[in-house]
1. Dimensions of the stretch 192-315 along principal axes (Cα, Å, largest first)?
2. With a 10 Å Cβ neighbour count serving as the proxy for reagent exposure, in which order, fewest first, do Asp280, Asp400, Asp420 appear?
3. Set the bar at 22 Å for Cα to Cα. Now go through Lys250/Lys302; Lys242/Lys302; Lys242/Lys367; Lys302/Lys356; Lys236/Lys356; Lys273/Lys302 and name every pair that lies beyond it.
4. By count of other Cβ within 10 Å, fewest leading, how are Lys16, Lys250, Lys236 ordered?
5. Using the count of nearby Cβ atoms within 10 Å as a rough guide to exposure, how do Met17, Met243 rank from fewest to most?
6. Determine the relative contact order of the stretch 219-404: mean sequence separation of Cα pairs under 8 Å and six or more apart, normalised by residue count, in whole percent.
7. Give the long-range amide H neighbours of Leu29: residues separated by 5 or more places, or on another chain, with amide H under 5 Å away, using H modelled in the peptide plane at 1.01 Å from N.
8. Karplus couplings for the stretch 191-206 from phi (6.51 cos²θ - 1.76 cosθ + 1.60, θ = phi - 60°), rounded to Hz, Gly and Pro as x?
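Read-outs: derived from the displayed coordinates by stated rules, not from any lab. From a predicted model like this one, the values you see are computed outputs, not experimental measurements. A quick note on method: Cβ atoms are made from the backbone with ideal geometry, for glycine too, and the neighbour counts reach across all protein chains shown.
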Amino acid sequence: MQVKRFFAADMRQAMKMVRDELGADAAILSNRRVAGGIELTAALDYQTPAPSLPNTALEAELRKTQVRIAEAHAQLSIRAPGLSDVQAKSSQLLGIEKPDTRQEPVLSEPKPSAVAVDPTAATKAVIAEERRALEAMRSELVGLRELIEVQLGSIAWGQMQSKRPDEANIWRRLQRMGLPADLSRNLMNRVADVSDSRQAWRMVLAYLAQALDTPQIDLLEQGGVVALVGPAGAGKTTTLAKMAASYVLKYGAQSLALVTMDSHRIGAQEQVKTLGHILDVPVAIVDPRQSLAHALEPFARKRMVLIDTAGLPANDPALRLQLEALANPKLNIRNYLVMAVTSQSQVLKSAYHSYKRCGLSGCMLTKLDEAGSLGEALGLAIGHHIPVAYLSDGPRIPDDLQIARSHQLVSRAVNRQSPDEPCEEIMADMFAELYQRPAQRAG
């Protein structure tokens, strides 16, 4: 029998390591959480040990222990008033007798005890021990749940391949597009009764386009105060330059103003100043000690004001102050999250949760010309009901900025799908996610 221990960041990676190292016939002996991830012990050619003969001596000791526990519970039930359950338990463990209230008070001076025991310290020790035991139990349950989810995902994917190969093929295509598991499931549920695989695929894409929310009116035509928010490197300043140039070409420079709140990135303010000089529009720089409302006062009569913001880490206190200023209802600012589709799914999710506090009116997708897939960004926009306003697919100003249209965006996502078929482990992991997330409607 071959026994080996594996360390990984999570249960899925650990199971993949077991499959790669020992094969699909390996048996999982134990799993537990350790610092930095999961420790998993697996064996190949594992034989279940035969049940051993009963140990009479051990059984007798267990019965004695049960009697003692019952006696302790009986004593606890009649303990003195004011003594808590944990205090009574700690007193028994330390050998402290429960005071008998029926005895007369002793008037003589008590003899000094050889060992002074602090009931409060004993109580804290018992509570700490119980918390450690509960935490260990919770960790084992979480590990066991993850293990079951991975196994269920593998079983479900294997059954689909053997019983419904056409449906499995559509699942693979959705995975190549980069769509998340819960969105893929919702789309597949819509076409569950369609027998023709080609018709089912066309309907899946139609439902995906229907789930995407795109504005009917161009953002530049609406006017108002618009702020671009998002992490560093998402393309906020470039997208603002494209919007400003498009606005000047359509409506002129007299009714446009630019504002920058980015005082953290080197050269950020100079970029906006240069843009304003080229377009001949006024530019206001918001000092960290200055309020945004004060900076916007001179532009009260402007038809449109575009605000460039700083891309700050989620734990930076300056980000909280910036979002609070943008969320001020008196300023009536519409905030748009700028997301680079080249970012990983976790990065996109983190950006959304960091910037949703200012109230998002929509999003803009950038770097479409560099993306390997669009499914991650589309899944986030659909899952959180974020309208997609603009698409940026190149460096040219203002040519590489288009108004988002749902069917065109889905067509781009299909054209950008990965050319390689996903491996069996990836598909099994995708199905395992379905056991972790609640079902959500696609549109």
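1. Here the spans come out as 63, 39, 24 Å, largest first.
2. Placing the least packed residue first, the sequence is Asp420, Asp280, Asp400.
3. Numbers: Lys250/Lys302 15 Å; Lys242/Lys302 19 Å; Lys242/Lys367 13 Å; Lys302/Lys356 27 Å; Lys236/Lys356 16 Å; Lys273/Lys302 18 Å.
Long pairs (Cα-Cα over 22 Å): Lys302/Lys356.
4. Exposure proxy ranking, most exposed first: Lys250, Lys16, Lys236.
5. Values: Met17 16, Met243 26.
The order, fewest Cβ neighbours first, is Met17, Met243.
6. Across the stretch 219-404, relative contact order equals 27 percent.
7. Thr41, Ala42, Ala43
8. Karplus values, whole Hz, x for Gly and Pro: 10, 5, 8, 8, 7, 6, 5, 5, 5, 5, 5, 4, 5, 4, 5, 5.
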